[in-house]
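The values are calculated or read from the model by the stated rules, or taken from the named source; none is laboratory data. Everything numeric here is computed off the predicted structure, so don't read it as measured data. Methodologically, a virtual Cβ is constructed for each residue, glycine included, from the backbone with ideal geometry; neighbour enumeration extends over all protein chains shown.
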Amino acid sequence: MKECIKECIRVRKLLSRYIDKEVGRSDTILIEDHLDVCFFCKKELRELSRVKELVLKKERKVLPQDYLVCRLRQEIAGERRMMKQESWLTGLEDFSRKVIPIPVTVIVLSTVFMILSSRQQLSEYPLEEHLLSGAQTTTETALGLMLAARD
Amino acid sequence: MKNQMNEDNSYIAQFLAGEEEGFEILVRKYQNRVLNIVHSLIRQDRESEDIMQEVFLKVYRSLRSFKQRSQFSTWLYRIVVNTVYDFLRKRRNFVSNEGILEMSAVTCAGPRDALLIREKEAMIQKALLGIPLKFRAAVVLKDIDGLSYIEISEVLRCSIGTVESRIYRARQFLKEELFKLGGGTI
């Protein structure tokens, strides 16, 4: 009895493979010999075979030939457009990152230069005198005069 | 199988050489197989198509990095299974009404035979969805797509022994579910 149960367990483990024709010759012999004498394993085989048959009979969906290709073409074209736009924006960003510092530096340097030169010119020209003269006061002149006055 | 592998590799080479046609041939060749696997795993029509599209977009984006150590189909099915797993993970508690609506629509119309077929179809699909995903994936790859145990083990990245036991357990689950749904008969 114990032997029979052991063999049942062994055969049942192989039953699915047997149904799928994926067992070797020696296992096939073992299974078929056991099925000849075991009613329960034979019943299990019948039921599992029926299950497989039902799943095999399941309706298969068929798509029109170019249905997915068309959807994918659209999707891929959209992605490419996005990438192009992104790369254009990134390029613009890079460009501005490289170019913007140049005018800024030029402005800063020219301001410094103007301050220094006005400071030199006005070193002997006091702030009060300039204000009283009624001449136009630019930021640079004012700064130069103030710095000169401080010195 | 070797022929098919060579054929796929030639389409891949065509694509890598800059001809999109190579990729499109692969899409046309595998679209129905992928759709049927996805549909058997998740049931929903509209979402099956979206997942199928996502799968092929992933293929398109990563085909250049495909090392060709395995067959193209094995690699493709691995992407299919992973995409479905991701989808189901995102919608862990999803319940589909679509199938039920579809079923009731058929119940109201159609001739008797068609009705019986659709009912059986719905019953199988319902039974399939009732079994745990890892068992379902194994049995779907075997019975819906007809892969061998070795191919399934490569797709699911597990041993042949594991594939064997998953298919066996899946069929037992299915048997029980179909018994329940069919009122004691399969």
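Checked against (1) over 30 Å from B:Arg43 (Cα atoms); (2) in a loop (DSSP other than H, G, I, E, B), A:Arg60 passes all but condition (1). Just one of the numbered conditions (1) more than 7 Å from chain B (Cβ to nearest Cβ); (2) more than 21 Å from B:Thr162 (Cα to Cα); (3) among the basic types (Lys, Arg) is not true of A:Arg10: (2). With respect to the conditions (1) hydrophobic (A, V, I, L, M, F, W, C); (2) under 30 Å from A:Thr141 (Cα atoms); (3) surrounded by 12 or more Cβ atoms within 10 Å (Cβ to Cβ), A:Ile100 lacks only one, and its number is (3). The set of residues from segment B:141-161 being facing chain A (nearest Cβ under 9 Å) and polar (S, T, N, Q) comprises just one member, B:Ser148. Report yes if some residue within segment B:58-69 is at pLDDT 95 or above and more than 10 Å from chain A (Cβ to nearest Cβ); otherwise report no. Among the residues of segment B:58-69, at least one is at pLDDT 95 or above and more than 10 Å from chain A (Cβ to nearest Cβ), which makes the answer yes.
Checking segment A:14-22 against the condition returns a match, with at least one residue being more than 7 Å from every other protein chain (Cβ to nearest Cβ) and not in a helix (DSSP H, G or I). Out of the residues in segment B:130-172 that are part of a loop (DSSP other than H, G, I, E, B) and free of Cβ contacts under 8 Å to residues at least 12 places away in the same chain, state the one that is nearest to the chain's Cα centre (by Cα). Filtering segment B:130-172 for residues that are part of a loop (DSSP other than H, G, I, E, B) and free of Cβ contacts under 8 Å to residues at least 12 places away in the same chain, the one nearest to the chain's Cα centre (by Cα) comes out as B:Gly146. Taken as a whole, the condition of being within 12 Å of another protein chain (Cβ to nearest Cβ) and either crowded, with 18+ Cβ neighbours inside 10 Å or part of a helix (DSSP H, G or I) (or both) applies to B:Ile37. Under 6 Å between Cβ atoms, which residue pairs at least 6 apart in sequence (or on different chains) link something in segment A:43-69 that is more than 7 Å from chain B (Cβ to nearest Cβ) with a partner that is of a type outside the set (Lys, Arg) and buried (at least 18 other Cβ atoms within 10 Å of the Cβ)? Here the result reads A:Leu45/A:Leu15; A:Ser49/A:Ile19, each pair linking segment A:43-69 to a residue that is of a type outside the set (Lys, Arg) and buried (at least 18 other Cβ atoms within 10 Å of the Cβ).
Against the conditions (1) part of a helix (DSSP H, G or I); (2) facing another protein chain (nearest Cβ under 7 Å), A:Gln74 satisfies every one except (2). Pairs are defined by a Cβ separation below 9 Å, a sequence spacing of at least 6 or placement on different chains, a first member in segment A:88-117 that is on the phi > 0 side of the Ramachandran plot and part of a helix (DSSP H, G or I), and a second member that is at pLDDT below 85 and among the β-branched types (Val, Ile, Thr); no pair meets this definition.
Counting the residues of segment A:1-20 that are at pLDDT 90 or above and of a type in the set (Asp, Glu) gives 1.
When A:Phe39 is tested against the conditions (1) exposed (fewer than 10 other Cβ atoms within 10 Å of the Cβ); (2) within 10 Å of chain B (Cβ to nearest Cβ), the lone failure is (2).
Here A:Gln65 meets the list (1) assigned to a helix (DSSP H, G or I); (2) in contact with a Lys or Arg (Cβ under 7 Å, 6 or more places away or on another chain); (3) under 25 Å from B:Ile144 (Cβ atoms) almost entirely, failing just condition (1).
The condition (being over 18 Å from the mean Cα position of the chain (by Cα), within 27 Å of A:Ser16 (Cβ to Cβ) and at pLDDT below 90) is satisfied by just one residue among B:Lys175, B:Lys120: B:Lys120.
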